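Visitor: This is the structure I have questions about; it appears just below.
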Amino acid sequence: MSSVQSITSPVAPALVQPDSFLTLHYRMAGPDGKDIISTFGGKPATLSLGAGELSPAIEQRLLGMAEGARKTFELPAGAAFGDRNPELIQWVARKLLNELGDPDEKYQVGDVVQFPTPDGQGQYAGAVQQVGGAGDAVQFDFNHPLAGQPVTFEAFVIGVL
């Protein structure tokens, strides 16, 4: 009587690919080391690479990570969210702001205001830098708040599809 032995080989963990759907915990810290966002200690994030949910530089560093892997990487100034562009600091007429939103809105330095994209399909944000003396215009900075700054990104890949 012969016996058959079953040999099983361990299944290799899935690796993050350019079009992967991921479940992960992540943390991003600014140049001061303070967390800007963190899912650790809460519900993990689910996202699809290549869909614009993370910056291309961060997605690039996730590629090749295996399920269960944890990695921290430093992105130099400008790598994660681009360099600061002085052309993205612009004055917007109060008349236009009234048309796009609440005419009674009182804008203050530091406020973040959502604007519709020209096609009406999305939004982008601008941070109030100054309010014109007569209140007839508001200066916005449309740069990402972390543009031109180094960031630290930590990821723990829970699942890859």
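The values are calculated or read from the model by the stated rules, or taken from the named source; none is laboratory data. This structure is a prediction, so every number in the text was calculated from the model and none was measured. Calculation scope for accessible area: heavy atoms of the full protein, side chains included, ligands and nucleic acids excluded. Shrake-Rupley method; radii C 1.70, N 1.55, O 1.52, S 1.80 Å.
Visitor: Does the range 94-109 hold any residues that are under 15 Å from Gly132 (Cα atoms) and open to solvent by less than 50 Å² (accessible area, probe 1.4 Å), and which are they?
Guide: Selection gives Arg94, Leu97, Tyr107.
Visitor: Restricted to the range 112-161, and to residues that are among the acidic types (Asp, Glu) and over 25 Å from Lys43 (Cα atoms), which residue is least open to solvent (accessible area, probe 1.4 Å)?
Guide: Filtering first and then ranking leaves Asp141.
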